[in-house]
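Read through the structure below, which is laid out as structure tokens, and then see the notes.
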């Protein structure tokens, strides 16, 4: 998932390794956690819903999505999120 690559500074860390360097503190200083953050998706169809599902274990403050239809309800759909209207 690209969001995790971005918040954990994967690309700069990878580039640093390719140069033969490894300064963990420099990479970690600019990294973020998903925990406690508000995360939004555009669309909650098959792919968007699965992205929301995969973000639940990271304990975000709130999961938001923009879609015309509400998420499926039921026990087998554990995502707790809010719909954003225009």
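Among the residues of the range 1-52, the ones that are over 10 Å from the mean Cα position of the chain (by Cα) and either more than 17 Å from residue 65 (Cα to Cα) or not in a loop (DSSP other than H, G, I, E, B) (or both) come to 31 in all. Looking only at the range 18-42, residues that are surrounded by fewer than 11 Cβ atoms within 10 Å (Cβ to Cβ) and over 23 Å from residue 55 (Cα atoms) come to 8 in all. Cβ separations smaller than 6 Å between residues 6+ apart or across chains give the following pairs from the range 27-39 residues that are not assigned by TED's automatic domain parsing to the domain that holds residue 11 to residues that are in a strand (DSSP E or B) and modelled with pLDDT of 75 or more: 38/62; 39/63. Restricting attention to the range 1-17, the residues that are surrounded by fewer than 14 Cβ atoms within 10 Å (Cβ to Cβ) and farther than 23 Å from residue 47 by Cβ add up to 4.
In the set 64, 55, which member is assigned to a strand (DSSP E or B) and modelled with pLDDT of 80 or more? Steps first, answer last, please.
Values: 55 fails: assigned to a strand (DSSP E or B).
Exactly one of 64, 55 is assigned to a strand (DSSP E or B) and modelled with pLDDT of 80 or more, namely 64.
The values are calculated or read from the model by the stated rules, or taken from the named source; none is laboratory data. Note that this is a predicted model, so its numbers are computed, not measured. Reconstructed Cβ throughout: ideal geometry from the backbone, glycine too, with neighbour counts over all protein chains shown.
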